[in-house]
Amino acid sequence: MKDTLNGIANYRKWLNAQKRAFSDIASDIAENAAKVNDSVHSFISVDKDEILLKAGNVEKSGHSGALYGVPVAVKDNICIKDVLTTCASRILEGFRPPYNATVIEKLEKAGALVIGRANMDEFAFGSSCETSCYGPTRNPWDISRVPGGSSGGAAAAVAAGQVVASLGSDTGGSIRQPGALCGIVALKPTYGRVSRYGLIAFASSLDQIGPMTRNVEDSAKLLEIIAGHDPKDSTSVDIEVPNYSKELGGGIEGLTIGIPGEYFIEGIAKDVLLRVKEAMEVYRKLGARIVDISLPHTKYALSCYYIIAPAEASSNLARYEGVHYGRRAKANDLIDMYIKSRNEGFGPEVKRRVILGTYVLSSGYYDAFYLKAQKVRTKIKEDFDAAFKKCDIILTPTSPTTAFKIGERMDDPLSMYLSDVFTIPANLAGLPAISIPCGLDGSGLPVGLQLMGKPFGEATLFKAAYAHEKNNIN
Ligand code: GLN
């Protein structure tokens, strides 16, 4: 099925030629997903009955939607009504949301076959999909390696041909970094472009939902469908959603692409650097202007993120205390029950972040850490504002390395955190950014190229990404 599921247009052509009921097709999709899952484990589990139930609804909805019958995997932190949604955490075991996230409503309205529970790092804290309480997902390109994270399951499901597309969430890189490591197209939209109603919150000032797809056109199509103002998310912005997929062609002559020196640092794998430089050449040949720019506060972005994100996470995760959701530990009294439920329910990385976040918010440390980090965040945003006076988009690698071995960075949080050194700034500044495949390294593993844009400049990103996709020689 891998070739059949390669992109919406391809799949729809195949689907239109089928002379059987959609439920039979959905049954094949479920069986294929289950088979591939044995080695890749991109889904927490593949529930065939649930898929068939959803397929029945798709059939009833008629054949007119833009995503009619298209199987889309959804990360385990996006609520699907009555379907287990656990953030890959024990603390949410057995939790079935009583409502759909807005993005799910939109996908289903467009006719998509929504398939639950793509694996992820617990509560989306991670860059390797290894902190899931259900065990790691494996990279379909080499199953001894990680798929990246935290949307590792969503990325691997697309790369392995279990689904046509998926939805992930990105707080510091969790759509783009696994997108890069799995060789697919992965977009973090502008903060406010897509409603987060029904996304289980990690860091509310950074989180965005976005599409993970096999090609740029599908990314544009999916964003068209899921974007837009939602009264249920007060941070979603009321700006018209352009017809992204209709504006892809037309070339990029005259586009100015900024190259920030601060992103081409020691520690980038040699082949990653080579492929990214080749991508610059592709753009140059297509008539783009390549200019050097500077984002001087880049070196503070990682530390700034690891104060702000855990601070917000520690507050957002206070609601898991054994009463409202999921797991409740047996205990002698109320306080004991809170403590035991959280102690049993959260894994080590979640505990690390809650402790860190609580520390930087506590009185006496608030000004020194949290407030300072907020000021640095403003500086980082101002760097981008200045840079975008000189260029239309910014080009960088997505991640310093290709997929690493399972287990390799688990004992060294700092080296894990460094996986997101190039993706975090776009979250801090609220900017849209896309990762696209730009060839392979010497071991045959995919390299990702990141393009960052101006706020609500997704159309320009798609155009540039599409031009590369059509002209890349790798
Ligand atoms: N890897 C980063 C972290 O662990 C980003 C995670 C994300 O974007 N959800 O915080």
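All of the numbers you see were taken from the coordinates with simple rules; none came from a lab. Keep in mind it's a predicted model, so treat the numbers as computed, not measured. Glycine also receives a Cβ, built like all others from the backbone with ideal geometry; neighbour counts cover every protein chain displayed.
Taking the Cα centre as origin and putting +1 on Lys and Arg beta-carbons and -1 on Asp and Glu beta-carbons, what dipole magnitude results for the chain, to the nearest 20 debye? Spell out each step's value before the answer.
Numbers: 54 positive and 53 negative charges, 53 e Å.
The calculation lands at about 260 debye.
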### Query
Which order, highest average first, do 162-172, 108-118, 267-277 follow once you tally other Cβ atoms within 10 Å for each residue and take the mean per peptide?
162-172, 108-118, 267-277
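When a/c is below 1.5 the answer is rounded, else prolate if a/b is larger than b/c, else oblate, so apply that to segment 220-302 with a ≥ b ≥ c taken from the square roots of the Cα gyration tensor eigenvalues.
oblate
Net charge near I225: determine it from the other residues with C-beta under 14 Å of the C-beta of I225, scoring Lys and Arg +1 and Asp and Glu -1.
Numbers: positive: K106, K109, R193, K221, K246; negative: E105, E108, E217, D218, E224, D230, E458.
Once all neighbours under 14 Å are counted, the net charge is -2.
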### Query
Taking the Cα centre of each part, how many Å lie between segment 34-63 and segment 393-420?
31
## Note on the structure
Assertion target for I104, I380, ordered by fewest C-beta neighbours within 10 angstrom first, is I380, I104
### Task
Collect residues whose amide H, placed 1.01 Å from N in the peptide plane, falls under 5 Å from the amide H of F43; neighbours closer than 5 in sequence don't count.
N119
### Message
For the chain, give me the percentage of DSSP beta bridges that are antiparallel, rounded to the nearest 5 percent.
### Response
65
### Task
Could you tell me which of rounded, prolate or oblate describes segment 383-474, using a ≥ b ≥ c as the square roots of the eigenvalues of the alpha-carbon gyration tensor, with rounded for a/c under 1.5 and, failing that, prolate when a/b is larger than b/c and oblate otherwise?
oblate
### Task
State the Cα centre-to-centre distance between segment 280-308 and segment 427-474 in whole Å.
12
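Tell me, what is the percent relative contact order of segment 92-244, built from C-alpha pairs under 8 Å that lie six or more residues apart? Don't skip to the answer; put the middle values down first.
On the way: 324 pairs, mean separation 30.0, N = 153.
Normalised by residue count, the contact order of segment 92-244 is 20 percent.
Only Cα pairs under 8 Å and at least 6 apart count here; give the relative contact order of the chain as a rounded whole percent.
Values: 1128 pairs, mean separation 81.8, N = 474.
Relative contact order comes out at 17 percent.
Is segment 260-302 rounded, prolate or oblate when judged by the Cα gyration tensor, a ≥ b ≥ c being the square roots of its eigenvalues, rounded requiring a/c under 1.5 and prolate requiring a/b larger than b/c?
Note, shape of segment 260-302 comes out oblate.
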### Query
Which of the peptides 121-128, 84-91, 325-332 is most tightly packed, and how do the rest follow, going by the mean number of other Cβ atoms within 10 Å of each residue?
121-128, 84-91, 325-332
